[in-house]
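Trainee: Pasting a structure below so you can have a look.
All of the numbers you see were taken from the coordinates with simple rules; none came from a lab. In this text, all values refer to a predicted model and were calculated from it rather than measured experimentally. FYI the Cβ positions are ideal-geometry reconstructions off the backbone, even for glycines, and counts take in every protein chain you see.
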Amino acid sequence: LVLVVDFGAQYAQLIARRVREARVYSEIVPHTMPVAEMLAKGPRAIVLSGGPSSVYAEGAPGIDPALFTAGVPVFGMCYGFQLMAQACGGEVAPNGVREYGRTPVRVTEPGTLLAEIPTEHRVWMSHGDSVVAAPEGFSVLATTGGSPVAAFEDLERRLAGVQWHPEVMHSEHGQAVLTHFLHKIAGCRPTWTMVNIVEEQIEAIQKQVGDGRAICGLSGGVDSAVAAALVQRAIGDRLTCVFVDHGLLRKGEAEQVERDFVASTGVSLHVVDAQQRFLEALAGVSDPEEKRKIIGREFIRVFEAAEAEVVGEAAEQGDKVQFLVQGTLYPDVVESGGGAGTANIKSHHNVGGLPEDLEFHLVEPLRTLFKDEVRLVGEQLGLPAEIVWRHPFPGPGLGIRIIGSVTKERLDILRDADAIAREELTRAGLDRDIWQFPVVLLADVRSVGVQGDGRTYGHPVVLRPVTSEDAMTADWARLPYDVIETISTRITNEVREVNRVTIDVTSKPPGTIEWE
Ligand code: XMP
């Protein structure tokens, strides 16, 4: 176990992921946790994250210097690097040069931390203060224009750090730096693999559920599918999955759940066709939040009714359903401040929001995992690639990708256009480079076009391909022109009501990923 101490920067989750990419299990703890409590967890190493403030600022979060004499290897990044320097007797000062963004760094002596890394490379910086003198016993490994001491290590005490952010994509060789610390300096063994996770989780689920029965709602997304497949492996047909088809899914997705998922896992599935009910509830509504509320409300009602049915059927056989499976991921757990074992239920952005009088115990086999790990577990369990590698999809589905009110006709138009965009993205081999690729129908807008000899008066669609690490921020994806061209030609040729294809080139912020 490696602990990532969060100093309030947005980078802690990314650091925890990078540690796991080095095949070492990591967890995030707040900087307010007493050092004794951190040590009680028996960590093999501790990583101090960056933070928003100067170590000299009033109320700046500190760290008990006892951390550095406890014999546990510690790595500091950015703010964490400065804290380490200060606590061990070095000097940190605002030397007048601020460094933000890509910065050239010069390796003066590679040591163990920067071994085999090019002498000149570029890293991502964000700091005002600098370490101007390294503490005694540390060797200085690198410098930049604004940081006389940009990296150091003390192999004796197994302490090391860098002024930059090795966890971000823009830092060259960042993963190598972190891996050197973990494997070579701290001596952590790379044993965190998906095979181990599957085995551990199956055992844990069997222990928790015993000979009880469980129920799981499937959304069509990867999280609930992997959670269900794991539980199925653990307890077999004592799990029943419920799938509510609200009619707002993309082309072929309901079939994938009903056919391919069932075939590859053998789960028993209870399908509710609620398409008509959702259309009626949404009739004439164009306000985005109103749509979300209606979809969320209807979903809970339909799901509860299905749940009651499943529970009732079990009762007839003298059985009780006490467990509810949820695909909660580690980022949700961290964001809601939950530690191990706490059952926080996230209602925001979760259309399956649970009723307050929840009577089930939660089974959350993905609580310690990041999304990319969940996909690997899904592969390990033999789920279809279409489900495992599916892009994130909002609970309210296509309902919030139709600008205007939702009707069956509009859904069908959008489904056709969306299917073409997805197909061409896959054909170009770009699925895994793109975070999400919403296609948005501007249903209340019409524009003039010409097709054949005739004038058309149709609707525009907007392509919204984005890249992102976690959906908090995003950039518009630079899709190759020929891919965009094929998508545009095919949509205007094959989807009769659409006569114009546009592309959204707004990052987030200021835009959001979805249009509603
Ligand atoms: P935005 O549009 O806020 O989206 O940049 C961020 C991420 O959240 C998804 N999203 C939702 N997911 N219910 C959900 O379950 C919602 O109401 C909802 N709205 C947005 C969106 O697809 C993106 O991944």
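Trainee: So what is the relative contact order of the chain, in percent, for Cα pairs below 8 Å that sit 6 or more residues apart?
Mentor: Relative contact order here is 10 percent.
Trainee: Taking the square root of 5 times each eigenvalue of the Cα gyration tensor, what semi-axes in Å does the equivalent ellipsoid of region 194-388 have, largest first?
Mentor: Square roots of five times the eigenvalues give 25, 19, 18 Å.
Trainee: Which of Met77, Met125 has the fewest other C-beta atoms within 10 Å, and how do the rest follow up to the most?
Mentor: Neighbour counts put them in this order, fewest first: Met125, Met77.
Trainee: Right, something else. Between Tyr56 and Val272, how many nm apart are label points set 7 Å from Cα along the C-beta direction?
Mentor: Going by the 7 Å Cα→Cβ label model, 6.2 nm.
Trainee: Going from the alpha-carbon gyration tensor of region 407-503, what semi-axes, largest first and in whole Å, does one get by taking the root of 5 times each eigenvalue?
Mentor: 25, 15, 12
Trainee: Next up: Which GluC sites (Glu not before Pro) in region 396-504 sit in a loop by DSSP (not H, G, I, E or B) and have at most 16 other Cβ atoms within 10 Å of their own Cβ? Don't skip to the answer; put the middle values down first.
Mentor: On the way: sites: Glu409, Glu423, Glu424, Glu469, Glu485, Glu494, Glu497; in loops: Glu469, Glu497.
The qualifying sites are Glu469.
Trainee: Sticking with this one: Quantify how much of the Cα-Cα distance distribution of the chain extends past 47 Å, in percent.
Mentor: Numbers: 27378 of 132870 pairs.
Percentage above 47 Å: 21.
Trainee: Right, next: Please compute the modelled spin-label separation between Ala308 and Leu1, points set 7 Å along Cα→Cβ, answer in nm with one decimal.
Mentor: Placing both labels 7 Å along Cα→Cβ, they lie 4.3 nm apart.
Trainee: Rounded, prolate or oblate for region 2-185? Axes are the square roots of the Cα gyration tensor eigenvalues, ordered a ≥ b ≥ c, and the cut-off for rounded is a/c under 1.5.
Mentor: rounded
Trainee: So which chymotrypsin sites (Phe, Trp or Tyr not before Pro) in region 36-84 are both in a DSSP loop and have at most 15 other Cβ atoms within 10 Å of their Cβ?
Mentor: Tyr56
Trainee: Report the label-to-label distance for Asp237 and Ala283 in nanometres (one decimal), using points 7 Å from each Cα along the Cα→Cβ vector.
Mentor: For the pair Asp237/Ala283, the computed spacing is 4.1 nm.
Trainee: Sorted from fewest to most neighbouring beta carbons within 10 Å, what does the list His183, His165 look like?
Mentor: Values: His183 16, His165 23.
Ordered from fewest to most neighbouring Cβ atoms within 10 Å, His183, His165 come out as His183, His165.
Trainee: Moving on. Return the long-range amide H neighbours of Ile215 (sequence gap of 5 or more, or a different chain), with a cut-off of under 5 Å between placed amide H atoms.
Mentor: Thr240, Phe323, Leu324, Val325
Trainee: What is the order of Tyr11, Tyr100, fewest Cβ neighbours within 10 Å to most? Before the final figure, lay out each step's value.
Mentor: Numbers: Tyr11 22, Tyr100 11.
Least to most surrounded, the residues fall as Tyr100, Tyr11.
Trainee: Please report the antiparallel percentage of the DSSP beta bridges confined to region 37-128, to the nearest 5.
Mentor: In region 37-128, DSSP labels about 75 percent of beta bridges as antiparallel.
Trainee: Any chance you could check the Cα centroid distance between region 499-516 and region 62-133 for me, in angstrom?
Mentor: Spelled out, the Cα-based centre of one part sits 38 Å from the other.
Trainee: Now for a separate question. Using the structure shown, select from Lys291/Lys371; Lys291/Lys408; Lys251/Lys291; Lys291/Lys320; Lys293/Lys408 the pairs with a Cα to Cα distance greater than 24 angstrom.
Mentor: Numbers: Lys291/Lys371 27 Å; Lys291/Lys408 15 Å; Lys251/Lys291 21 Å; Lys291/Lys320 35 Å; Lys293/Lys408 19 Å.
The answer is Lys291/Lys371; Lys291/Lys320.
Trainee: Which of the GluC sites (Glu not before Pro) found in region 1-64 are loop residues per DSSP with 12 or fewer other Cβ atoms within 10 Å of their Cβ?
Mentor: Answer by residue number: Glu58.
Trainee: If you don't mind, another one. Quick one: which residues, 5+ away or cross-chain, put their amide H under 5 Å from the amide H of Cys78? H built at 1.01 Å from N.
Mentor: Counting only residues 5 or more places away or on other chains, the set is Val162, Gln163, Trp164.
Trainee: May I pose another question? By the gyration tensor of its Cα atoms, with a ≥ b ≥ c the square roots of the eigenvalues, what is the shape of region 1-105: rounded for a/c under 1.5, prolate for a/b over b/c, or oblate?
Mentor: Oblate, because a/c is 1.5 or more while a/b does not exceed b/c.
Trainee: Same structure again: Tally Lys and Arg at +1 and Asp and Glu at -1 over the other residues with C-beta under 15 Å from the C-beta of Gln317: what net charge comes out?
Mentor: Working: positive: Arg213, Arg238, Lys320; negative: Asp211, Asp237, Glu309, Glu313, Glu316, Asp319.
Neighbourhood net charge equals -3.
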